[in-house]
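Asks: Below are the structure tokens for one structure; questions will follow.
The values are calculated or read from the model by the stated rules, or taken from the named source; none is laboratory data. In this text the structure is predicted, and so the values were computed from the model without any measurement. Because the Cβ atoms are built from the backbone with ideal geometry, glycine has one as well, and the counts that use them run over all protein chains shown. Accessible surface areas use protein heavy atoms only, side chains included; no ligands, DNA or RNA. Shrake-Rupley method; radii C 1.70, N 1.55, O 1.52, S 1.80 Å.
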Amino acid sequence: MSGFGAIFREFLRAPNNIGAVAGSSSILAKGMLDEVDWEAAKNIVEYGPGTGAITRHIVSRLSPEQRFFAVELNDRFVPVLAKKFPAVKIRIGSVGDIRSICDSEGMVSVDSIISGLPWTAFDEELQNELLDAMFSVLSEQGQFVTFAYLHGLPLKSAKRFRSILEGRFEFVSISPIVWRNFPPAIFYSCRR
């Protein structure tokens, strides 16, 4: 099954869990990853890789000294990811369990978390629960990069998510609109 076919099928099945009808564009992925301090980041985690649209770009930037794994809740995407990225460790589960996942990986803390999760589709309780879990592993100078679709930004849940990020992180920047993505998107770059 192609990446597009897998994502579209899963979107139709569970739009609040997938949140996308297509994978992220290379332009969005590269913009997000340009925010990562690749020199300082030793432990890197991707949340919700889907079919690997951003994973592909992460893998191309990794050095042999860096450790990387991805956490995917939807086990239907795992065979697609495994075929595309046989060397990448994919952990099936919820990012709400990131502390125990990191413990099982022997990873005390994470320097950079790159997320493809549909944060604005989550209610406030879930947003906070997942961010609490993330803060349990994010290093003192840790980074968090995620994106949101332009059409969803006026929604109450999107405004709330931005406010939560601004309340939790020392620094939050918002990118210009990435028009060459379907749908158009922005991304948040956050640092503790």
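Asks: List the aspartates and glutamates whose alpha-carbon lies under 20 Å from that of K42, not counting same-chain residues fewer than 8 positions away?
Replies: Correct list for K42: D34, E65, D103, E105, D111, E140.
Asks: With label points built 7 Å along Cα→Cβ from the Cα atoms of D97 and I177, find their separation and express it in nm.
Replies: My value for the distance between the label points is 4.0 nm.
Asks: Please sort 94-100, 57-63, 143-149 by packing, taking for each peptide the average over its residues of neighbouring beta carbons within 10 angstrom, highest first. Provide the component values of the computation, followed by the final result.
Replies: Working: 94-100: 17.1, 57-63: 15.4, 143-149: 22.0.
Put in order of decreasing packing, that is 143-149, 94-100, 57-63.
Asks: Using θ = phi - 60° and the Karplus form 6.51 cos²θ - 1.76 cosθ + 1.60, what ³J(HN,Hα) does each residue of the range 178-192 get, whole Hz, x for Gly and Pro?
Replies: Once rounded to whole Hz, the list reads 8, 6, 8, 9, 10, x, x, 8, 10, 9, 9, 10, 10, 9, 5.
Asks: I need the peptides 36-49, 129-142 ranked by packing, meaning the mean over residues of other C-beta atoms within 10 angstrom, with the highest value on top.
Replies: Result, highest mean first: 36-49, 129-142.
Asks: Further, regarding this structure: Probe of 1.4 angstrom, ligands and nucleic acids ignored: what's the accessible area per residue over the chain, in square angstrom?
Replies: It amounts to 48 Å² per residue over the chain.
Asks: For G142, list long-range residues whose amide hydrogen, built 1.01 Å from N in the peptide plane, is under 5 Å from its own amide hydrogen.
Replies: Placed amide hydrogens put R192 under 5 Å from G142.
Asks: Now a separate question. Taking the DSSP beta bridges in the chain as the whole, what percent of them are antiparallel, to the nearest 5?
Replies: 40 percent
Asks: Related question: For the chain, with a Gaussian network of springs between Cα atoms less than 10 Å apart, report the residue from F161, F77, F171 with the top mean-square fluctuation.
Replies: F171
Asks: Let me ask another. Rounded to the nearest percent, how much of the accessible area of the chain (1.4 Å probe, protein heavy atoms only) is carbon and sulfur?
Replies: 54 percent
Asks: Give the long-range amide H neighbours of E105: residues separated by 5 or more places, or on another chain, with amide H under 5 Å away, using H modelled in the peptide plane at 1.01 Å from N.
Replies: Placed amide hydrogens put nothing under 5 Å from E105.
Asks: Right, something else. What is the gain in length, in nm to one decimal, between S60 and L126 on full extension, counting 0.36 nm per residue of separation less the C-alpha to C-alpha distance?
Replies: The span from S60 to L126 would gain 20.6 nm if fully extended.
Asks: How large is ³J(HN,Hα) for each residue in the range 41-47, as worked out from phi by the Karplus curve 6.51 cos²θ - 1.76 cosθ + 1.60 (θ = phi - 60°), to whole Hz, x for Gly and Pro?
Replies: So the J values, rounded to whole Hz, are 6, 9, 10, 10, 10, 10, 9.
Asks: Once you put a point 7 Å from the Cα of D37 and another 7 Å from the Cα of Q141, both along the Cβ direction, what distance in nm separates them?
Replies: The two pseudo-label positions are separated by 0.4 nm.
Asks: Another one. May I ask for the equivalent-ellipsoid semi-axes of the range 74-145, computed as the square root of five times each C-alpha gyration tensor eigenvalue and listed largest first in whole Å?
Replies: 21, 17, 11
Asks: Right, another one. Hey, of (i) 18.3; (ii) 17.1; (iii) 16.5, which did the structure itself give for Kirkwood radius over Cα pairs in Å when calculated?
Replies: Correct label is (iii).
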